[in-house]
1. Take the residues in the range 162-178 that are in contact (Cβ under 8 Å) with a residue 12 or more places away in the chain and hydrophobic (A, V, I, L, M, F, W, C); name whichever of them is surrounded by the fewest Cβ atoms within 10 Å (Cβ to Cβ).
2. Could we say that G146 is at pLDDT 95 or above and of a type outside the set (S, T, Y) here?
3. Against the condition over 23 Å from A235 (Cα atoms), among the aromatic types (F, W, Y) and at pLDDT 90 or above, how does F60 come out, does it pass?
4. What tally of residues in the range 223-245 results from selecting those that are in contact (Cβ under 8 Å) with a residue 40 or more places away in the chain and open to solvent by 30 Å² or more (accessible area, probe 1.4 Å)?
5. Name the single residue that is surrounded by the fewest Cβ atoms within 10 Å (Cβ to Cβ) among those in the range 1-35 being closer than 23 Å to A73 by Cα and among the hydrophobic types (A, V, I, L, M, F, W, C).
6. Is at least one residue of the range 53-62 buried (at least 17 other Cβ atoms within 10 Å of the Cβ), over 21 Å from F257 (Cα atoms) and in contact with a Leu (Cβ under 9 Å, 6 or more places away or on another chain)?
7. What about E198, is it out of contact with any His (no Cβ under 7 Å at 6 or more places or on another chain), at pLDDT 95 or above, closer than 20 Å to R49 by Cα and surrounded by 13 or more Cβ atoms within 10 Å (Cβ to Cβ)?
8. Test of understanding: among A263, A181, which residue is open to solvent by less than 70 Å² (accessible area, probe 1.4 Å) and not in a loop (DSSP other than H, G, I, E, B)?
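The values are calculated or read from the model by the stated rules, or taken from the named source; none is laboratory data. Here the structure is a predicted model, which is why all the values come from computation and not from measurement. Please note: Cβ atoms are built from the backbone with ideal geometry, for glycine as well, and neighbour counts cover all protein chains shown. Side chains are part of the model used for accessible areas, which takes the heavy atoms of the whole protein and leaves out ligands, DNA and RNA. Shrake-Rupley method; radii C 1.70, N 1.55, O 1.52, S 1.80 Å.
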Amino acid sequence: MTEAILTRREGSALIAQINNSARRNAIAKEHCEALSAALGDASQDSSIRALIITGDETAFCAGADIVAAAQAAAAAQQSGETPNPAESTMLPQLNALVTEIQAAEVPVIAAVEGAAAGAGASLAFACDLIVAGEQSYFTLPFGKIGLIPDGGVSLTALASVGRHRALALALLQDKLGVAEAEAAGIVAKRAPQGQALETALQLAQRLHIAPRDALAKAKEAVNRTALVQLDEQLAWEEPTQYAQMDSAGHREGVMAFLEKRPARFD
């Protein structure tokens, strides 16, 4: 069985690479759980100063693995069960991961090449620092499959770009390119194409300028103000998203995605 993520140590950084290149590093339950485990390892090892989450040179993460979710729902139906989105989707695991990133004692860096889309954008925005390659972009295309932004990104994007830009991302589903993301202060460091991970590692080495516990408290100081409503937002998003998953719009959006055709919404 293929490992969900690949981990390796580079200096004082632990790298966690999403391992689903065939689907542009789309994530499912197992990826979220493996990332949570890597985060736990990084937090417990006093010699580690940062966890770096990355994809590959083509994509950071294209979002939730819709194919995997559709297969899980179909399997439930074939066994005579009513599909339970809390079991067939990865939303509980994604929400747990986002909460753990925010609370982790080590800084978490997203090294982004290509797309950070949907849940991939949620994951990147949850991180403490983002390093982005020249061809990278962020997008929230949840509406294309009849859903709302989840994984806390409605709050983390708001905290980063402000209300109207966050609404434009959610409603118009535009791509936020690296230049605009850098200008908005979202990207901590812009990297040459293909060098986001290398640049993130350089950034991680700079974290030796302060004691590990001081960095943890600095992170907590910012997040307890900027993301004070994160738990509340996640608690609202999850049942709201499950209701959307039962809608005709979501069914049409998923079928259009699987059939590789434009969706036909009323």
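1. Once the filter is applied, the top-ranked residue is L171.
2. Judged against the criteria, G146 is a match.
3. Yes; evaluated as a whole, the condition is true for this residue.
4. 9
5. Here the answer is M1.
6. For the range 53-62, residues buried (at least 17 other Cβ atoms within 10 Å of the Cβ), over 21 Å from F257 (Cα atoms) and in contact with a Leu (Cβ under 9 Å, 6 or more places away or on another chain): present.
7. yes
8. The conditions single out A181.
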